[in-house]
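A short reminder: the numbers here are calculations on the coordinates, not readings from a lab. Note that the structure is a prediction, hence the values are computed from the model and not measured. Methodologically, a virtual Cβ is constructed for each residue, glycine included, from the backbone with ideal geometry; neighbour enumeration extends over all protein chains shown.
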Amino acid sequence: MTAPFPSHKQEEWRYADLDALKPVWEQFAEPLTVTVGAGEELEEIWLPVAGEVQLRRVQLALGSGAKARIFALNNAPVYGRIELEVSLGEGAEFELFGANIGAGLSTNEIVATVKHLGAGGRSRQVIRSVLGGKGVGSYLGRIEVAHGAQKTDAEQSVKAMLLDRGATANCKPELEIFADDVKCAHGATVGELDPMQLFYAESRGMDPATARAVLLEGFVMGLWDSASHPDAICDAAREALRRLV
Amino acid sequence: MLDIANLHATVADKPILNGVSLHVPAGEIHAIMGPNGSGKSTLAYVLAGRPGYEVTEGSASFEGQDLLAMEPHERAAAGLFLGFQYPVEIPGISYLQFLRESLNAQRRSRGDAQLSGGEFIKLAREQAGLLGMDAEMLKRPVNVGFSGGEKKRAEMVQMGIMQPKFAVLDETDSGLDIDALKAVGAGINRIMRASGKGALLITHYQRLLDYVEPDRVHVLSRGEIVRSGGPELARELESEGYAEAAA
C-alpha cells in the first residue's frame with residue numbers, strides 16, 4: 001500500500017518541492033530500514049545519484065553501543081531530499097555530516113529525526129549548505145530524548161553560505177526532551193564569503209571564480225575529514241561547487 | 001619598474017592619499033616610512049587592488065602597464081606581490097592547496113605549464129626550509145593557529161614560491177623576534193635582490209633596514225611623500241622621529 005502523499009502542512013515537508021516529488025512518489029513512499037546491531041558499526045557515504053529528483057528515505061535503528069556515521073552530499077538539480085529517522089539504543093553513537101549544494105531553482109533538504117531512546121547516547125549532526133541562484137537549502141532537525149535517556153549528548157551545527165541574493169537557507173532545529181540530565185547543543189549561521197579572504201586569494205593570483213571555489217571548498221570539505229574513503233565525496237562536492245561559482 | 005604619479009585615493013570617501021609620486025627602478029629596493037595613519041597601508045592596498053580603495057586621481061604603472069586598470073589577480077600574474085600586514089586566516093584550506101591553486105592560476109594566465117602536486121610540494125618544502133619554517137606547517141589551514149611571527153614568515157615563503165618581479169611588503173617586520181627578523185631580511189634579499197626585480201618595504205622602524213639595505217628611503221606623511229633620501233634618512237628618522245624629519 002502506498003503511503004499518503006505528503007503536504008506542506010506537515011512540518012517535515014514544509015519546504016519540500018512537492019510538485020517535483022509527485023510523479024516519483026510511489027517509488028520512494030516507503031523508507032528503507034537499516035539496523036545496526038549491538039556493538040556493531042556502520043559507515044556510509046551517500047553520493048548524489050542520477051536524476052532531477054533524488055530522494056533518500058532511511059530509518060536507521062542503532063542497538064546498544066552501536067555506531068553509525070553517515071556522510072551525505074545532497075546536490076539534486078531540481079529536488080533532493082535526504083530523510084533520516086534514527087533511533088539510538090543505550091550508549092549508541094550517530095554522526096551525520098551532510099552538505100546541501102544547490103543552484104538554479106533547486107531545492108535540497110536534509111530532514112533528520114534523531115530519537116535518543118536509551119541512556120548515554122551521542123548524536124552529532126554537522127550540516128553545511130552552499131546555495132546560489134534561487135536555490136533553496138534546508139535542514140530540519142528534530143531531536144527527541146526519551147524519558148530515561150539520561151546523559152544524552154546531542155549536537156547540531158548548521159551553517160549556510162548564500163552566494164546570490166535570491167538563494168534561501170532554512171534551518172530549523174527542534175528539541176523534545178523528557179530527561180533531565182542531557183546536553184543538547186545547536187548552532188546555526190547564514191553568511192556570505194568573507195571579502196578579505198577573497199582579496200587575499202585574488203592577490204595571490206586566483207581569478208575571482210577560482211578564489212570563490214577554493215574558499216567554498218574550505219567551508220564544505222572539512223565535513224569529510226573523518227570519512228575512511230573520502231575521495232569520491234570530495235570529488236563530487238568539489239565538482240558541484242565549481243559548477244556553482 | 002614601478003611608477004606612481006600624483007596618486008590620490010579615498011577609503012569610504014575619506015581622502016587618504018593626497019598626491020603620491022614615486023619611481024622605483026628595476027634592481028632597487030625602496031623603503032617607505034611614516035607615522036601611523038600616514039597612508040602607508042592604503043598605498044600598499046591600492047597597488048594590489050583591494051576593493052573599497054578608490055583611486056580618484058593620478059596613475060600607477062608597473063613595467064609600463066596601467067596597474068590600476070588590472071584586477072588583483074592580473075596584478076599577481078604580472079609579477080606583483082603584496083606581503084600583508086595582517087595575513088588572512090582561511091579555515092578548511094591547507095596552505096599547500098591554497099598556494100598551489102594560486103601559483104597555477106598565475107602560471108595559467110602567463111601561458112606556463114601547471115605544476116603537478118609532487119613538483120609543487122618539492123618547491124614549497126624547499127622555500128619553507130630556506131625561511132626556517134617547518135614544512136609540516138604548510139599542511140595546516142592557511143594561517144589558522146599561526147603566531148604573528150609565523151604568519152609573516154609564511155608570507156615570505158609564499159613570496160619565495162611565487163618569485164614575483166616586484167614585492168610591496170607592508171610591515172612585514174612587525175611582530176617578529178630578532179631571529180625571525182634576520183630570517184625574513186635574508187629572505188627578502190635572496191628573493192627580491194636581483195637586477196630585474198624591485199621591492200617597496202613599508203615599515204615603521206629602522207631595524208628591518210639593518211638587514212635589507214634600501215637604495216632609497218621615502219617619508220610618507222598625511223598621504224604625501226614629504227622627504228626622500230638615501231639609507232641614512234632611515235637612521236635620521238630613527239634618532240629624531242617623524243615629527244622632526246617630516247617638518
If you average the C-alpha positions of segment A:13-52 and of segment B:28-89 separately, how far apart do those two centres end up, in angstrom? 52 Å
Two decimals is fine: what's Rg over Rh for segment A:11-191, C-alpha atoms, Kirkwood radius as Rh? 0.98
With charges set only on the Cβ (+1 for Lys and Arg, -1 for Asp and Glu), what does the dipole of chain A come to about its Cα centre, in debye to the nearest 20? 480 debye
From the helices alone, meaning DSSP H stretches of at least four residues, give me the mean residue ellipticity at 222 nm for chain A, per-run term -39500 (n - 2.57), in deg cm²/dmol to the nearest 500. -5000 deg cm²/dmol
B:Lys197: which lysines have alpha carbons under 17 Å from its alpha carbon, excluding same-chain residues fewer than 8 sequence positions away? B:Lys165
Averaged over B:101-109, how many beta carbons belonging to a partner chain fall within 10 Å of each residue's beta carbon? 5
Can you compute the modelled spin-label distance between A:Lys151 and A:Ala38, with each label point 7 Å from Cα toward Cβ, in nm? 1.7 nm
Each residue of B:76-89 has, on average, a number of other protein chain C-beta atoms within 10 Å of its C-beta equal to 3
Two-decimal Rg/Rh across segment B:2-246, once Rg and the Kirkwood Rh are taken from alpha-carbon atoms: 0.96
Trypsin sites (Lys or Arg not before Pro) within segment B:153-247, DSSP loop, no more than 16 other Cβ atoms inside 10 Å: B:Arg193, B:Arg222
Give the lysines whose C-alpha is closer than 22 Å to that of A:Lys67, dropping any in the same chain fewer than 8 places away, or say none. A:Lys115, A:Lys151, A:Lys183
Can you bin the protein assembly as shown into rounded, prolate or oblate? Criterion: square roots of the alpha carbon gyration tensor eigenvalues sorted a ≥ b ≥ c, rounded for a/c under 1.5, prolate for a/b above b/c, oblate for the rest. prolate
Select from A:Ser64, A:Ser106, A:Gln197 the residue farthest towards the positive end of the dipole of segment A:55-211; place +1 on Cβ of Lys and Arg, -1 on Cβ of Asp and Glu, and compute about the Cα centre. A:Ser106
List the pairs from A:Lys159/B:Lys152; A:Lys134/A:Lys172; B:Lys14/B:Lys40; A:Lys159/B:Lys151 whose alpha-carbon separation is above 23 Å, in the order I gave them. A:Lys159/B:Lys152; A:Lys159/B:Lys151
Sparse-neighbour loop sites [GluC sites (Glu not before Pro); segment A:9-77; at most 13 other C-beta within 10 Å; DSSP]: A:Glu40, A:Glu52
Which of the listed residues, A:Leu55, A:Gln27, A:Ile177, is farthest toward the dipole's positive end in segment A:11-191, when Lys, Arg count +1 and Asp, Glu count -1 at the beta-carbon? A:Leu55
Just to be sure I understand the rule: take each whole DSSP H helix in chain A, project its Cα atoms onto its long axis, keep it if the span is 15 Å or more and its mean Kyte-Doolittle hydropathy is at least -1.0. Which ones pass? A:208-221, A:231-244
Classify segment B:116-202 as rounded, prolate or oblate, taking a ≥ b ≥ c as the square roots of the eigenvalues of its Cα gyration tensor: rounded when a/c is under 1.5, otherwise prolate if a/b is larger than b/c and oblate if not. oblate
Hey, which aspartates and glutamates would be in cross-link range of A:Lys9, C-alpha to C-alpha under 18 Å, not counting anything within fewer than 8 residues on its own chain? A:Asp17, A:Asp19, A:Glu83, A:Glu109, A:Glu174
DSSP-loop trypsin sites (Lys or Arg not before Pro) across segment A:60-156, with at most 16 other Cβ within 10 angstrom: A:Lys134, A:Lys151
Picking from B:Met192, B:Val219, B:Ile93, whose Cα lies most toward the positive end of the charge dipole for segment B:2-246 (charges on Cβ: Lys, Arg +1; Asp, Glu -1)? B:Ile93
